[in-house]
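Every read-out reported here was derived from the displayed coordinates using simple, explicitly stated rules and does not represent laboratory data. This one's a predicted model, so the numbers in the text were calculated from it and none came from an experiment. All Cβ positions, glycine included, derive from the backbone under ideal geometry; neighbour counts span all protein chains shown.
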Amino acid sequence: MSQFDVKNLSADELKKLVNDAEQALRERSKQRVMELRREAEALANELNTTVADIFGLEKGSKQAGKKLPAKYMNPANPSQTWSGRGKRPNWLVDELNKGKKLEDFRI
């Protein structure tokens, strides 16, 4: 590989060089991923299986739809609970905005 002196380049030339290099790296990465995908599919075909079977990938998560236990409860309405995952419920956001702490609602 030949030496390339960047000291004499202007700021705009350096920015263009960096952008071009980043683009080239992205393209190489995409090409490598495609090569690996083709190789994996070819190996799976030799074994009469799929890539998903080899790596234990499934179309849906076994956890999907599984209800998590509640960790927080609205004291004003005990039927309103939250597991601590996902978007905070409105009742909790309102209480936190009033200055209460999350731990105040822990079950």
Checklist outcome for this item: Result: in the chain the number of Lys pairs with C-alpha under 29 Å apart, spaced 8 or more or on different chains, is 22
Item to check | All-pairs alpha carbon distance profile, the chain, 5 Å steps from 0, percent | outcome: 2, 9, 10, 9, 6, 6, 6, 7, 9, 13, 12, 6, 3, 1, 0
Next on the checklist: Can you give me the convex hull volume of the Cα atoms of segment 11-55, divided per residue and expressed in Å³?
Outcome noted: 48 Å³
Next on the checklist: If I fit a long axis through the Cα atoms of helix 11-46 and take the longest principal axis of the Cα atoms of the chain, what angle between them do I get, 0 to 90°, rounded to 10?
Outcome noted: 80 degrees
Next on the checklist: Using the crude model of +1 on Lys and Arg Cβ and -1 on Asp and Glu Cβ, and no other charge, please compute the dipole size for segment 11-55 relative to its Cα centre, in debye to 20.
Outcome noted: 100 debye
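As an exercise, use a Förster radius of 25 Å and the Cβ-Cβ distance of Val6 and Arg26 to find the FRET efficiency, rounded to the nearest 0.05.
0.75
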Checklist outcome for this item: Interchain or sequence-distant (5+) residues whose placed amide H lies within less than 5 Å of the amide H of Gln80 are Asn74
Checklist entry - What percent does the relative contact order of the chain come to when contacts are Cα pairs within less than 8 Å and at least six residues apart? => result 15 percent
